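Chemist: Just dropping this structure here.
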Amino acid sequence: MLPDLRGFWVGEYGPHGKEIIHVSVTGDGSLRGLKITGDRNIPSGAISFEIPVDGKSCPRGQIADVGYRNPR
């Protein structure tokens with residue numbers, strides 16, 4: 001059984017420093033990290049990462065150019 005990771009976390013984002021992420025569970029049981037504090041690349045309110053729990057899909061993290069251009 002996996003530990004309950006829901007809640008607010010502080011993450012180290014390299015040159016951007018520490019940022020707050022809210023981790024929640026989606027309808028299919030995946031973990032999703034939503035940025036509470038944004039930076040010049042990924043703004044507040046954007047999804048920072050999603051970790052599927054199906055064991056078949058790969059975790060996804062989001063990156064973008066400055067100004068939230070070209071998010072991928």
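The values are calculated or read from the model by the stated rules, or taken from the named source; none is laboratory data. Just so you know, these numbers come straight off a predicted model, no measurement behind them. As a convention, Cβ positions derive from the backbone with ideal geometry for all residues, glycine included, and neighbour counts pool all protein chains shown. SASA here: full protein model, heavy atoms, side chains in, ligands and nucleic acids out. Shrake-Rupley method; radii C 1.70, N 1.55, O 1.52, S 1.80 Å.
Chemist: Hey, among the residues in the stretch 26-42 that are open to solvent by 40 Å² or more (accessible area, probe 1.4 Å) and over 12 Å from the mean Cα position of the chain (by Cα), which one's nearest to Ser57 (Cα to Cα)?
Modeler: Per the criteria, the residue is Asp28.
Chemist: Something else about it: Considering each of Pro15, Pro3 in turn, give the residue that is loosely packed, with under 12 Cβ neighbours inside 10 Å, more than 11 Å from the chain's Cα centre (by Cα) and not in a loop (DSSP other than H, G, I, E, B).
Modeler: On the way: Pro3 fails: not in a loop (DSSP other than H, G, I, E, B).
Only one candidate qualifies: Pro15.
Chemist: Still on this structure, please answer the following. Output the residues belonging to the stretch 36-72 that are free of Cβ contacts under 8 Å to residues at least 24 places away in the same chain and among the aliphatic types (A, V, I, L, M).
Modeler: Passing the criteria: Ile47, Ile51, Ile63, Ala64.
Chemist: Residues being open to solvent by 70 Å² or more (accessible area, probe 1.4 Å), of a type outside the set (Gly, Ala, Ser) and either part of a strand (DSSP E or B) or under 15 Å from Asp28 (Cα atoms) (or both): count how many of those fall in the stretch 43-63.
Modeler: As a first pass, look at the stretch 43-63 and keep what is open to solvent by 70 Å² or more (accessible area, probe 1.4 Å): 44, 53-56, 58-60, 63.
Now restrict to residues that are of a type outside the set (Gly, Ala, Ser): 53-54, 56, 58-60, 63.
If we keep only those that are either part of a strand (DSSP E or B) or under 15 Å from Asp28 (Cα atoms) (or both) as well, we get 53-54, 56, 58-60.
Total satisfying the criteria: 6.
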